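The values are calculated or read from the model by the stated rules, or taken from the named source; none is laboratory data. All of these numbers come straight from a predicted model, not from anything done at the bench. Here Cβ is always computed from backbone atoms with ideal geometry, including for glycine, and neighbour counts include all displayed protein chains. Calculation scope for accessible area: heavy atoms of the full protein, side chains included, ligands and nucleic acids excluded. Shrake-Rupley method; radii C 1.70, N 1.55, O 1.52, S 1.80 Å.
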Amino acid sequence: MIFFNPAGGPELACDDCGCRWFDRMSGTCYECGAPVSEESQAEYRRALEAFALRRSREKEGT
Ligand SMILES: [Zn+2]
(Lines give C-alpha, C1' and ligand atoms only; values in the text may rest on other atoms or scores of the structure.)
Protein backbone atom coordinates (compact mmCIF):
# COMPACT_ATOMS: atom_id res chain seq x y z
CA MET A 1 0.00 0.00 0.00
CA ILE A 2 1.09 3.58 -0.46
CA PHE A 3 0.97 6.34 2.11
CA PHE A 4 1.38 10.04 1.50
CA ASN A 5 3.41 11.96 4.04
CA PRO A 6 2.45 15.50 5.18
CA ALA A 7 4.66 16.95 2.46
CA GLY A 8 2.65 15.04 -0.12
CA GLY A 9 5.40 12.58 -0.91
CA PRO A 10 4.50 8.94 -1.40
CA GLU A 11 5.81 6.28 0.94
CA LEU A 12 5.67 2.59 0.29
CA ALA A 13 4.27 0.58 3.19
CA CYS A 14 3.97 -3.13 3.84
CA ASP A 15 0.61 -4.66 2.88
CA ASP A 16 0.83 -7.06 5.80
CA CYS A 17 2.00 -5.04 8.79
CA GLY A 18 1.81 -1.47 7.50
CA CYS A 19 5.38 -0.59 8.38
CA ARG A 20 7.38 1.55 5.97
CA TRP A 21 10.73 -0.14 6.18
CA PHE A 22 11.74 -2.15 3.20
CA ASP A 23 14.86 -3.93 2.24
CA ARG A 24 15.18 -2.63 -1.28
CA MET A 25 17.82 -5.17 -2.17
CA SER A 26 15.60 -8.17 -1.56
CA GLY A 27 12.24 -6.40 -1.91
CA THR A 28 10.92 -7.56 1.45
CA CYS A 29 9.58 -5.89 4.58
CA TYR A 30 12.11 -5.47 7.39
CA GLU A 31 9.45 -5.94 10.02
CA CYS A 32 7.62 -9.08 8.94
CA GLY A 33 9.58 -10.25 5.92
CA ALA A 34 6.62 -10.08 3.55
CA PRO A 35 7.66 -9.64 -0.06
CA VAL A 36 6.71 -6.42 -1.80
CA SER A 37 4.84 -7.20 -4.96
CA GLU A 38 6.12 -5.93 -8.27
CA GLU A 39 2.75 -4.26 -8.63
CA SER A 40 3.19 -2.26 -5.43
CA GLN A 41 6.70 -1.25 -6.41
CA ALA A 42 5.51 -0.07 -9.81
CA GLU A 43 2.66 1.86 -8.19
CA TYR A 44 5.13 3.50 -5.82
CA ARG A 45 7.42 4.51 -8.67
CA ARG A 46 4.51 6.09 -10.52
CA ALA A 47 3.45 7.99 -7.39
CA LEU A 48 7.03 9.21 -6.93
CA GLU A 49 7.22 10.40 -10.51
CA ALA A 50 3.90 12.22 -10.20
CA PHE A 51 5.10 13.84 -7.01
CA ALA A 52 8.38 14.95 -8.59
CA LEU A 53 6.50 16.37 -11.56
CA ARG A 54 4.13 18.28 -9.30
CA ARG A 55 7.02 19.69 -7.30
CA SER A 56 8.90 20.86 -10.37
CA ARG A 57 5.78 22.57 -11.65
CA GLU A 58 5.30 24.34 -8.32
CA LYS A 59 8.88 25.51 -8.43
CA GLU A 60 8.47 27.00 -11.88
CA GLY A 61 5.26 28.76 -10.93
CA THR A 62 2.40 29.03 -13.35
ZN1 LIG B 1 5.62 -5.96 6.99
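Quick check: net charge around Gly33, other residues with Cβ under 10 Å of its Cβ, Lys/Arg +1 and Asp/Glu -1?
That works out to -3.
I need the semi-axes of the equivalent ellipsoid of the chain: take the C-alpha gyration tensor, multiply each eigenvalue by 5, square-root it, list largest first in whole angstrom.
The answer is 26, 11, 8 Å, longest axis first.
Farthest toward the dipole's positive end in the chain, which of Ala42, Ser26, Pro10, given Cβ charges of +1 (Lys, Arg) and -1 (Asp, Glu) about the Cα centre?
Pro10
Would you mind checking which residues have amide H under 5 Å from Glu11's amide H? H placed 1.01 Å from N; only 5 or more apart, or other chain.
HN-HN under 5 Å from Glu11: Phe3, Phe4, Asn5.
Probe radius 1.4 Å, ligands and nucleic acids ignored: give me the carbon and sulfur share of the accessible area of the stretch 2-60 as a rounded percent.
51 percent
Which whole-number value in Å² is the accessible area per residue of the stretch 2-60, probe 1.4 Å?
That works out to 76 Å² per residue.
Please state the charge dipole magnitude for the chain, taken about the Cα centre, from unit charges on C-beta atoms (+1 on K and R, -1 on D and E), reported in debye and rounded to the nearest 20.
Roughly 400 debye for the chain.
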